[in-house]
Amino acid sequence: MGFPSPAQDFVENRLNPHDMCTTENSRILETSDGYAVIDPVIKLSPGEVLLILSDGHTQFARLQGKALITSDGEAIEGEALEGVEVMGKVSYFIRRVQGDDGCPVM
């Protein structure tokens with residue numbers, strides 16, 4: 001049977017965005033480019049990126065004046081805002097590093 005390896009004392013858990021980047025109130029959302037850290041929003045400020053629920057779909061939108069500008073450039077304003085639910089504000093995005101070009105990445 002043998003004995004347990006002393007190296008097991010130095011094994012660390014794999015890095016995880018949930019453990020590294022969230023607080024008790026924030027949550028993390030996996031996107032096609034990586035992750036987005038979402039925090040609850042109490043007061044909206046111009047220029048913030050928000051996670052919204054509109055027509056049953058979640059998407060990111062930037063608050064500009066009294067309108068929400070989505071990532072595809074569509075403006076949601078006026079009566080259309082009544083059907084939008086703000087899920088939270090994006091604190092920051094964590095982008096995946098893709099090494100598809102054969103160049104090493106550190």
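The values are calculated or read from the model by the stated rules, or taken from the named source; none is laboratory data. Here the structure is a predicted model, which means the values were calculated and not measured. Cβ atoms come from the backbone with ideal geometry, glycine included; neighbour counts cover every protein chain shown. Heavy atoms of the whole protein, side chains included, go into the accessibility calculation; ligands, DNA and RNA do not. Shrake-Rupley method; radii C 1.70, N 1.55, O 1.52, S 1.80 Å.
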Return a yes/no flag: does the stretch 21-31 have any residue that is part of a helix (DSSP H, G or I) and either within 19 Å of V97 (Cα to Cα) or at pLDDT 80 or above (or both).
yes
Open to solvent by 60 Å² or more (accessible area, probe 1.4 Å), within 19 Å of I28 (Cα to Cα), among the hydrophobic types (A, V, I, L, M, F, W, C) and part of a strand (DSSP E or B): does that describe F93?
yes
Going through the stretch 42-70 in order, the residues found to be under 14 Å from the mean Cα position of the chain (by Cα) and part of a loop (DSSP other than H, G, I, E, B) are E48
Could you count how many residues in the stretch 25-41 are open to solvent by 60 Å² or more (accessible area, probe 1.4 Å), under 11 Å from G88 (Cα atoms) and over 9 Å from the mean Cα position of the chain (by Cα)?
2
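Take G65 and decide whether it is open to solvent by 40 Å² or more (accessible area, probe 1.4 Å) and either without any contact (Cβ under 8 Å) to a residue 24 or more places away in the chain or in contact with a helix residue (DSSP H, G or I) (Cβ under 8 Å, 6 or more places away or on another chain) (or both). Steps first, please.
Numbers: open to solvent by 40 Å² or more (accessible area, probe 1.4 Å): yes; either without any contact (Cβ under 8 Å) to a residue 24 or more places away in the chain or in contact with a helix residue (DSSP H, G or I) (Cβ under 8 Å, 6 or more places away or on another chain) (or both): yes.
The answer is yes for G65.
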